[in-house]
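Engineer: Got a structure for you, written out below as structure tokens; questions coming shortly.
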Amino acid sequence: MRPGDFKRWRKSLDLSQKEAAEALGLKRRVVQYYEKGERDGEPVKIPRSVRLACWALAQGVNDYHGPRDKDDKDADKGPDKEKPKKKAKEKPKD
């Protein structure tokens, strides 16, 4: 990914530099370095992890919680959502 590609990616998602930095877990200044392709006159390469994160965000993936367990019936709820609490069985009244 070249600096121009990075900037086009950001603009294609209609993100400000600040929003792109937040989405990627970076500081805004780093986004500026990547878009310029240099820092203090030295070339800056965009790391593979950032390139992959750009692709994921472009696909609509905002977070990844790891592979799902095929036996986990609540896997589609993700770790951020609570599993429903089981109700205690009521004892029959005499």
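Engineer: Could you tell me how many of the residues in region 9-46 are part of a loop (DSSP other than H, G, I, E, B) and under 15 Å from the mean Cα position of the chain (by Cα)?
Structural biologist: So the first thing to find is which residues in region 9-46 are part of a loop (DSSP other than H, G, I, E, B), and the list is 13-16, 25-27, 37, 40-41, 44-46.
Filter once more, keeping what is under 15 Å from the mean Cα position of the chain (by Cα): 13, 15, 25-27.
Within region 9-46, residues that are part of a loop (DSSP other than H, G, I, E, B) and under 15 Å from the mean Cα position of the chain (by Cα) number 5.
Engineer: Please determine, by comparing only the residues of region 47-71 that are in a loop (DSSP other than H, G, I, E, B) and of a type in the set (Lys, Arg), which one is modelled with the lowest pLDDT.
Structural biologist: In the first step, residues of region 47-71 are kept if they are in a loop (DSSP other than H, G, I, E, B); the result is 47, 59-71.
Filter again for of a type in the set (Lys, Arg), leaving 68, 70.
Numbers: ARG68: 86, LYS70: 81.
The extreme case among them is LYS70.
Engineer: Can you name the residue in region 24-43 that is closer than 15 Å to GLY4 by Cα and among the aliphatic types (A, V, I, L, M) and is also surrounded by the fewest Cβ atoms within 10 Å (Cβ to Cβ) among such residues?
Structural biologist: Across region 24-43, the extreme among qualifying residues is VAL30.
The values are calculated or read from the model by the stated rules, or taken from the named source; none is laboratory data. Everything quoted here is computed from the prediction, not taken from an experiment. Neighbour counts are summed over all protein chains in view; Cβ atoms, including those assigned to glycine, are modelled from backbone coordinates with ideal geometry.
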